[in-house]
Amino acid sequence: MTFSDVATYTLESESEAFATLKRSVAVTIAGQHYTIKSDADEAYVQSLASLVDQKVREVQRGAKTAAPHAVAVLAALQIADELARSRQELTRERVRRADLRRRVRDKSRSIRALIDREVKA
């Protein structure tokens, strides 16, 4: 792909997959220009492109002789790994919070039962 080549892609959120796309956002990733059609905020689309560009360039620095498609796949794998790790951490945090809520509820019930016993005594 050359500097003048421009590809058009569609970026849709899961909940808005059937919504009308409102704008085209021009982004550059690893020196390639793309037009992303999205109803998302332009700054958000630019931030996503920046993250992808950063990962692609990071992989390029480590694998200087890799073909462009291989670099893209490796960058995608790194981003997918980060996403999977974030999801795992979120799940752990949700479990921790649920356990904490359960412990607070149990402790509150114990305190309430103790107070009820003392008031009746």
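Observations on the model:
- For the range 59-100, the set of residues classified as under 17 Å from the mean Cα position of the chain (by Cα) and touching a residue at least 24 places away in the same chain (Cβ under 8 Å) consists of Ile79 only.
- Consider the range 54-76 and keep the residues that are among the charged types (D, E, K, R) and surrounded by fewer than 18 Cβ atoms within 10 Å (Cβ to Cβ). The one that is nearest to Val25 (Cα to Cα) is Arg57.
Yes/no per residue for (1) under 26 Å from Glu82 (Cβ atoms); (2) exposed (fewer than 12 other Cβ atoms within 10 Å of the Cβ); (3) at pLDDT 95 or above:
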{"site": "Phe3", "(1), (2), (3)": "no, yes, no"}
{"site": "Thr8", "(1), (2), (3)": "no, yes, no"}
{"site": "Glu14", "(1), (2), (3)": "yes, yes, no"}
{"site": "Phe18", "(1), (2), (3)": "no, yes, no"}
{"site": "Arg23", "(1), (2), (3)": "no, no, no"}
{"site": "Val27", "(1), (2), (3)": "yes, no, yes"}
{"site": "Lys37", "(1), (2), (3)": "yes, no, no"}
{"site": "Val45", "(1), (2), (3)": "yes, no, yes"}
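- Filtered residues of the range 60-73 (kept if β-branched (Val, Ile, Thr) and closer than 17 Å to Leu83 by Cα): Val73
The values are calculated or read from the model by the stated rules, or taken from the named source; none is laboratory data. Just so you know, these numbers come straight off a predicted model, no measurement behind them. Positions of Cβ are generated from backbone atoms using ideal geometry, with glycine treated the same way; all protein chains shown enter the neighbour counts.
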